[in-house]
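> Structure below; questions to follow.
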Amino acid sequence: MQNRNVTVFDLEATGLYTSRGDRITEIGAVKLSGNKLCGIFQTLVNPGRKIPDKIVEITGITNEMVAGKPVISQVLPLFADFIGDDMLVAHNAKFDMSFLHYELKECGIDKNFDTFCTLLASRKEVKSSANFRLSTLKNHFNLKPMGNMHRALSDAYVTAQLYLKLTKNWGTDTLSQFEKEVEYLTSSMYEDDIFLIDQKIK
């Protein structure tokens with residue numbers, strides 16, 4: 001598992017349930033080759049409905065921010081290309097995969113994924129954490145966010161570090177290496193890029 005390419009991702013949404021009309025507002029992901037970060041995916045998504053005030057308070061994503069952004073049918077083919085044949089990793093993967101599977105079906109994209117849930121793995125492997133929220137595990141392992149928590153790319157970045165910790169693929173220089181790689185990737189992206197995969201790193 002450690003040497004398999006993975007896409008670590010996180011979704012923000014208007015709520016918790018697709019069955020109640022909730023939709024994706026942001027996708028953030030990082031691609032790992034071994035323990036090297038070689039790709040970034042990030043975009044806000046216009047959900048086609050109002051974001052509730054309580055969700056705005058949690059995520060910081062406002063209705064004004066998603067106005068004019070691509071809708072999910074424009075984003076998902078790009079995200080599927082970014083993932084390729086990777087295994088998907090998420091914290092509380094049941095939540096993220098429920099939205100992803102729903103939208104893939106709505107868009108007529110037939111794609112299945114192997115998944116790894118860092119929440120479930122943490123419950124088995126971590127014995128001394130107060131709880132298993134991503135923010136708590138971030139502090140427990142001294143992981144570093146990329147901007148504010150509850151934004152998709154920052155949470156995906158933290159989850160990627162947690163995944164490497166849980167799969168025993170974390171070296172003494174992994175965090176400093178991550179910081180250099182993410183700085184290089186973000187500085188290489190053009191303003192209108194949704195994702196970048198750097199084959200030199202990969």
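The values are calculated or read from the model by the stated rules, or taken from the named source; none is laboratory data. Note that the structure is a prediction, hence the values are computed from the model and not measured. Don't worry about glycine lacking a Cβ; one is built from the backbone with ideal geometry, like all the others, and counts go over all protein chains shown. Just so you know, the surface numbers come from the protein's heavy atoms only, side chains and all, with ligands and any DNA or RNA stripped out. Shrake-Rupley method; radii C 1.70, N 1.55, O 1.52, S 1.80 Å.
> Looking for something open to solvent by 30 Å² or more (accessible area, probe 1.4 Å), in contact (Cβ under 8 Å) with a residue 24 or more places away in the chain, assigned to a loop (DSSP other than H, G, I, E, B) and at negative phi - is there at least one such residue anywhere in segment 130-139?
no
> Now for a different question. Which residues, taken from segment 145-202, are in a strand (DSSP E or B) and open to solvent by 60 Å² or more (accessible area, probe 1.4 Å)? Write out each step before concluding.
Residues of segment 145-202 that are in a strand (DSSP E or B), as a first pass: 195-197.
Of everything in segment 145-202, just one residue is in a strand (DSSP E or B) and open to solvent by 60 Å² or more (accessible area, probe 1.4 Å), namely PHE195.
> Mind listing whichever residues of segment 43-64 are open to solvent by 60 Å² or more (accessible area, probe 1.4 Å) and under 19 Å from the mean Cα position of the chain (by Cα)? Spell out the reasoning first.
Applying the first criterion (open to solvent by 60 Å² or more (accessible area, probe 1.4 Å)) to segment 43-64 yields 48-50, 53-54, 57-58, 64.
Scanning segment 43-64 gives a single hit, ILE58.
> Confirm whether ASN148 is polar (S, T, N, Q) and within 19 Å of ILE61 (Cβ to Cβ). Before the answer, list the steps.
On the way: polar (S, T, N, Q): yes; within 19 Å of ILE61 (Cβ to Cβ): yes.
The answer is yes for ASN148.
> Shifting gears a bit: Within segment 1-104, considering only helices (runs of 4 or more DSSP H) that don't extend past its boundaries, which have at least 2 residues that are closer than 29 Å to LEU166 by Cβ and in contact (Cβ under 8 Å) with a residue 24 or more places away in the chain? Let's see the steps before the verdict.
Working: elements: 53-59, 63-66, 72-83.
The helices (runs of 4 or more DSSP H) meeting that bar are 53-59, 72-83.
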